[in-house]
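Just passing along the structure, written as structure tokens.
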């Protein structure tokens, strides 16, 4: 099927992208349609410095017959665990265990990541949130004695861990990666300034740490008012309902969100349609 799109959909518009992991891919989708892209990666992702803990978790996970279920909160966590298993020489055993047990995914990303190894989660939470995972676990009558949990960054996710304990099960959690806010703060401050000046047409958010980083830089540079002004002047896009709900909780107006598929291309399509519709109204 040929991919059709309006190559001038974003002509004359400046789109700011705080995406970190797939910045080049997302930027290219906008640039193909004529946008000027303002790249400002707000967060970067690294393997956790506590590799000994990851190694120990992998060893225990592979050997423990009581772990028959594994909760995967992100595709990033799944990928980094397999990479760690390879470094520690247990990749084959780890993948064999993943194929043998039941995988419970928060959303679609773990499945897309694991597809490369022909691994497919059997269950996906109806709502792609930690609460959605909790509700899914509560509906399962055949959970094993211990439940593995691959965490989201370094967030301990106490509600999920406590919910597992309330079900009479033990949790075996691992945090294979961390978020590191290493981008130049000055570049983020400049983006906030330009937003407040009305120089940015739209800003597309794909993860919560991106907004948290903007907030922290605004506080550090005394630009809280500029950030509020800029968010009010800039069209704000969110990649999906979880991101949109989070932004609204922070008092941010969300103008654009894909209706059904919460990936990068639908986000670009939705923003293109919204901006063209807004221009036609004016």
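What follows is calculated from the coordinates using simple rules that are stated; it is not laboratory data. For clarity, every value in this text was computed on a predicted model and none was experimentally measured. All Cβ positions, glycine included, derive from the backbone under ideal geometry; neighbour counts span all protein chains shown.
Angle check, please: helix 224-233 long axis (alpha carbons) against the longest principal axis of the chain (alpha carbons), in degrees 0 to 90, nearest 10.
That helix lies at roughly 70 degrees to the long axis.
Taking Cα centroids, how far is the stretch 198-274 from the stretch 127-190 in Å?
Computed from Cα coordinates, the inter-centre distance equals 24 Å.
How would you rank 139-150, 44-55, highest first, on the average number of other Cβ atoms within 10 Å across their residues?
The most tightly packed comes first, giving 139-150, 44-55.
What per residue convex hull volume, in Å³, comes out for the stretch 47-179 when only alpha-carbon positions are used?
Roughly 93 Å³ of hull volume per residue.
When DSSP assigns beta bridges and you keep just the ones with both residues in the chain, what percent turn out antiparallel, to the nearest 5? The partial results should precede the final answer.
Details: 4 of 31 bridges.
Beta bridges within the chain, antiparallel portion: roughly 15 percent.
Expected output is a single nm value to one decimal: the length gained when fully extending between residue 115 and residue 83, i.e. 0.36 nm times separation in residues minus the C-alpha distance. What is it?
Numbers: separation 32, 0.36 × 32 = 11.52 nm, distance 1.47 nm.
Contour length minus Cα-Cα distance gives 10.1 nm.
How far is it, in nm, from the label point at residue 131 to the one at residue 11 when both lie 7 Å from their Cα along the line to the Cβ?
Roughly 4.5 nm, to one decimal.
How would you rank 91, 7, going from fewest to most other Cβ atoms within 10 Å of each one's own Cβ?
In increasing order of surrounding Cβ atoms, one gets 7, 91.
Can I ask one more? Starting from the Cα of residue 28, step 7 Å along the direction of its Cβ; do the same at residue 50; then give the gap between the two resulting points in nm.
3.7
Counting other beta carbons within 10 Å of each Cβ, put 236, 95 in order, fewest first.
Details: 236 20, 95 17.
Ranked by crowding around the Cβ, least crowded first: 95, 236.
Then there is this: At 0.36 nm per residue, and after removing the present C-alpha to C-alpha distance, how many nm does the segment from residue 63 to residue 158 gain when stretched out fully?
Numbers: separation 95, 0.36 × 95 = 34.20 nm, distance 2.54 nm.
Value of the extension gain: 31.7 nm.
Hey, fewest Cβ within 10 Å first, where do 61, 263 land in order? Can you show the working numbers first?
On the way: 61 23, 263 14.
If I rank by nearby Cβ atoms, fewest first, I get 263, 61.
Could you tell me how many degrees, from 0 to 90 and to the nearest 10, lie between the Cα long axis of helix 264-281 and the main elongation axis, the longest principal axis, of the Cα atoms of the chain?
30
Now for a different question. I'd like the FRET efficiency for residue 220 and residue 278, computed as 1/(1 + (r/R0)^6) with the beta carbon distance as r and R0 of 41 Å, rounded to 0.05.
On the way: r = 33 Å, r/R0 = 0.80.
Once the sixth-power term is evaluated, E becomes 0.80.
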